[in-house]
Every structure is written in C-alpha cells, then in structure tokens.
Amino acid sequence: MLIFLFWKITFLKIVYINQIGYICNHKQNGDSVSLVNNRIHKMKRILVSGGAGFIGSHLCTRLINDGHEVICLDNFFTGSKDNIAHLMGNHHFEVVRHDVTYPYSAEVDEIYNLACPASPIHYQHDPIQTAKTSVMGAINMLGLAMRLDAKVLQASTSEVYGDPIVHPQPEYYWGNVNPVGYRSCYDEGKRCAETLFMDYHRQNDVRVKIIRIFNTYGPRMLPNDGRVVSNFVLQALNNEDITIYGDGKQTRSFQYIDDLIEGMIRMMETEDDFTGPVNLGNPNEFSIQELAEKIIAMTDSSSKIVFKSLPNDDPKQRQPDITLARKKLGWEPTIELEDGLSRMIEYFKGSKTNK
Ligand code: NAD
Ligand code: UDP
C-alpha cells in the first residue's frame, strides 16, 4: 500500500512538472510564454541598439530581469563591455558588434533604438558620423521593424527643443534649433529621426514609439564624457575646482536612470495608436550653480567653484512638461535629486576613476 502511494505521488509530480515545462516552452500565437515569479509571462525577443551604453545597459538589465531575450547591438564607440559584463553569462543575452548605419537583421518582437553618442564632447567628435548614426540608424531600425512587424521605440531627446522659448517644454512645442551650429549634428539628426519614425508609421503602418529624454544621470555614465553631473561629482570627490560654464544660471532638470527605464518600458507597452512623442524627464528644475553647491555640500568637499566660458549654443533652460507621460503612461519620476546624487556619489567613490 505504502509503495503504491509513493509511486502515485511520484507519478503526479511528474505530470505536474511536465505541465510547468509545457508552459515554459509553449508557443501561444507565435509568442513564447514562461513562468516568471509564478505568473505566466510572455517572453519577447528584444533588440537594443546602443545596448552597451549608459542607458542601454540599464535597459538590457531590466529586460533580462523581466524574463525576455535581449540582443544588444553596439559598435562600442562610447559603450563598453564593462557596462554589460554582468549579463554576459546569461543565455538569454547576446551581444553583436555592429554599426547601425549599416543594415542589420534578426528575428525580434521589439526594437529600442538608442545607438547614438549622447554627450556633447562625443557627438561633436565626429559630427558627420553622429548625423549618419541618427538618420541611417533610424532608417535601418525602421526597415527591420517594417519587415518583421515589430514595434520600434526611438530614444529622442529634449535637444529637439533647442534653446527653448516656451517653458516648460510640452511635446507640441516645435522648438528653437540652430540648424548650422555645433550641436546641429545631434539636434537635427534626432529631429530627422523623429520625422522618419512618423513617416514610416503613416506610410507603412510601422508601430512606432518616440520618447524625448531629458538629462539623465546614474551609475555607468562615462567619467570623461563631460556631462555636468559626472564632472561635478568627480571634481568634488577629488577636491578639484568645480567648472561652471557660463554664469551658472542656466537650468536643467535631472532624471535618475531608474525612473527613465520605467518610463521606457511603459511607453513600449502602450496601445499601437499611441506613437508619442512623449517627454520623459524629471520636472524639478535646478540652476547649474545650485547643482554645484548641492554636490559640494553632499560630498563635504573643499572644492572651489570656477567659471569658464559657455559652450556654443548651450541652452539656457530645460524643464519637461510631463502631463502627457502622466496621462498616457501613468508615469512620473520617483527619485529626488538628492537621493539620486547620493547613489551617484557612492558609485564614483567605488570606481577607479576617483583618484
Ligand atoms: P551612450 O553614449 O552611453 O550610449 C550610446 C551607445 O550607442 C553606446 O554604447 C555607443 O557605443 C553606441 N553607438 C554609438 N554610435 C553607434 C553606431 N553607429 N552603431 C552602433 N552603436 C552605436 O549614451 P546614453 O546616454 O546611453 O544615450 C543613449 C540614447 O539616449 C542616445 O540615443 C541618446 O541620444 C539618448 N538620450 C540620452 C540622454 C542622456 O541624458 N543620457 C538624453 C537624451 C537622449
Ligand atoms: N556644464 C558645466 N560644467 C561642466 C559640464 C557642463 O557648467 O563641467 C553645463 C553645460 O554648459 C550645460 C549644463 O551644464 O549648461 C548641462 O550640460 P550637459 O553636457 O550635462 O548636458 P546638456 O547641455 O546636453 O543638457
């Protein structure tokens, strides 16, 4: 009797395990489904161009943690293998060295198009390549999405507003951009990419999403990319002069990376008839002088503030109007500047760039 009971229980266990296995490997309407945290979960194959960069590496991590398969496409101009080292052993994660200005093909359900240097130092280093990356990269990713009927999200930027006259900036403001300046390779490249996204949508029914990202900071920012948060934190930690460009009265709104990633995922999940563009940024606005003083206080630094000349076409003010993101994505930033800055300070304290 006992032996019979033992075999019965074992048999039932095998049936149960097989059913779970069935769920894990089953294809529903062409989509793989799996069990994640005891919930049936639709596993997608997702391409992230620029996946080895600052934002891209955080996005790849989030997508892998959400149970998806990720192809990270990058030419490693500003990205690095260090940024994605923690994902390398994962069999759902794949890295492809490729320049998005050339066509690429793979079977995917969704594409996040992030490939493009973001800091002024890097995008002005080879402005022709920057414009090509924005425009040809967009055409190549849109062409792929069209062939596969995949959804494609464009990482656009607050730079499409240029030096804005309307403040804060809502999505329906068309901007004030210099078409022939030092920032134009990036600003106009990104504007043209937005145009292409909307034309592929209208002409070819491609399912597109456009987000306009405002200044974002967090771990894995390159220490040498000249962005204000990384510069100030490193200068303060090393008790070096804090370099304010101009009079420090220009403003920016700083968003912590985790808030942005949440907004990106929510945007990709919206209904097909919602294309954006939608602003993703933190509406709390600070002058560059305020930022410098805050970082000096938080690091207990002996750094002095010094004033240097303002770069060409440096926008005077930036603040996102996030009414649309609140309404359509149910999203708003949750991480205050001080909280994000302390995480950033801890990150740079632990990294080898802090002398
Ligand atoms: P990043 O420079 O860290 O990442 C860009 C990535 O794209 C890098 O890994 C780089 O190697 C890769 N790349 C560049 N040119 C490429 C090419 N031709 N082919 C393939 N890969 C290429 O920058 P980031 O801050 O992570 O920015 C990611 C995206 O978000 C960019 O499109 C940027 O314009 C946009 N964005 C960023 C911010 C921000 O505050 N960081 C603000 C607005 C928009
Ligand atoms: N900035 C500064 N000191 C620095 C780096 C930047 O005063 O060491 C200023 C820069 O001129 C700009 C602002 O900080 O007014 C934000 O610069 P960043 O390059 O981070 O972003 P973007 O200008 O693209 O918004």
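The values are calculated or read from the model by the stated rules, or taken from the named source; none is laboratory data. Treat the numbers as computed from the prediction; the structure is a model and nothing was measured. Neighbour counts run over all protein chains shown; Cβ positions are idealised from the backbone, glycine included.
Elements of the type strands (runs of 3 or more DSSP E) sitting completely within region 186-255 and holding at least 2 residues that are closer than 30 Å to MET298 by Cβ, aliphatic (A, V, I, L, M) and touching a Ser or Thr at 6+ places or on another chain (Cβ under 7 Å): these cover 208-213. Looking across region 221-230, the residues that are modelled with pLDDT under 95 and either more than 10 Å from ligand 2 (Cβ to nearest atom) or of a type in the set (A, V, I, L, M) (or both) come down to MET221, LEU222, PRO223, ASN224.
Among the residues of region 70-104, those identified as surrounded by fewer than 18 Cβ atoms within 10 Å (Cβ to Cβ), of a type in the set (A, V, I, L, M, F, W, C) and assigned to a loop (DSSP other than H, G, I, E, B) are PHE76, MET88. Can you say whether LYS249 is at pLDDT 95 or above, among the basic types (Lys, Arg) and touching a strand residue (DSSP E or B) at 6+ places or on another chain (Cβ under 6 Å), as far as the supplied structure shows? When the stated conditions are applied, LYS249 passes them.
Matching residues to (1) near ligand 2 (Cβ under 10 Å from one of its atoms); (2) of a type in the set (A, V, I, L, M, F, W, C); (3) surrounded by fewer than 23 Cβ atoms within 10 Å (Cβ to Cβ); (4) on the phi > 0 side of the Ramachandran plot:
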position	(1), (2), (3), (4)
SER184	no, no, yes, no
PHE197	no, yes, no, no
ASP205	no, no, yes, yes
ILE211	no, yes, no, no
PRO219	no, no, yes, no
PHE232	yes, yes, no, no
THR243	yes, no, yes, no
GLY248	yes, no, yes, yes
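Where strands (runs of 3 or more DSSP E) fall entirely within region 261-338, those with at least 1 residues that are out of contact with any Gly (no Cβ under 6 Å at 6 or more places or on another chain), more than 16 Å from ligand 2 (Cβ to nearest atom) and within 25 Å of ILE64 (Cβ to Cβ) are at 278-280. Looking only at region 43-58, decide whether some residue is away from ligand 1 (no atom under 16 Å from the Cβ) and modelled with pLDDT under 95. Yes, region 43-58 contains a residue that is away from ligand 1 (no atom under 16 Å from the Cβ) and modelled with pLDDT under 95. Is one or more of the residues making up region 118-133 of a type in the set (Gly, Ala, Ser), touching a residue at least 60 places away in the same chain (Cβ under 8 Å) and closer than 20 Å to ASN83 by Cα? Scanning region 118-133, I find at least one residue that is of a type in the set (Gly, Ala, Ser), touching a residue at least 60 places away in the same chain (Cβ under 8 Å) and closer than 20 Å to ASN83 by Cα, so the answer is yes. Taking the conditions (1) in contact (Cβ under 8 Å) with a residue 60 or more places away in the chain; (2) of a type in the set (D, E, K, R); (3) out of contact with any strand residue (DSSP E or B) (no Cβ under 9 Å at 6 or more places or on another chain) in turn, ASP273 satisfies each one other than (1). Within region 226-244, the set of residues being within 26 Å of the chain's Cα centre (by Cα) and of a type outside the set (Val, Ile, Thr) comprises GLY226, ARG227, SER230, ASN231, PHE232, LEU234, GLN235. Restricting attention to region 105-124, the residues being loosely packed, with under 14 Cβ neighbours inside 10 Å and either basic (Lys, Arg) or within 16 Å of ligand 2 (Cβ to nearest atom) (or both) number 0.
Within region 145-178, the set of residues being part of a helix (DSSP H, G or I) and either within 16 Å of ligand 1 (Cβ to nearest atom) or surrounded by fewer than 14 Cβ atoms within 10 Å (Cβ to Cβ) (or both) comprises ARG147, SER158, GLU159, VAL160, TYR161.
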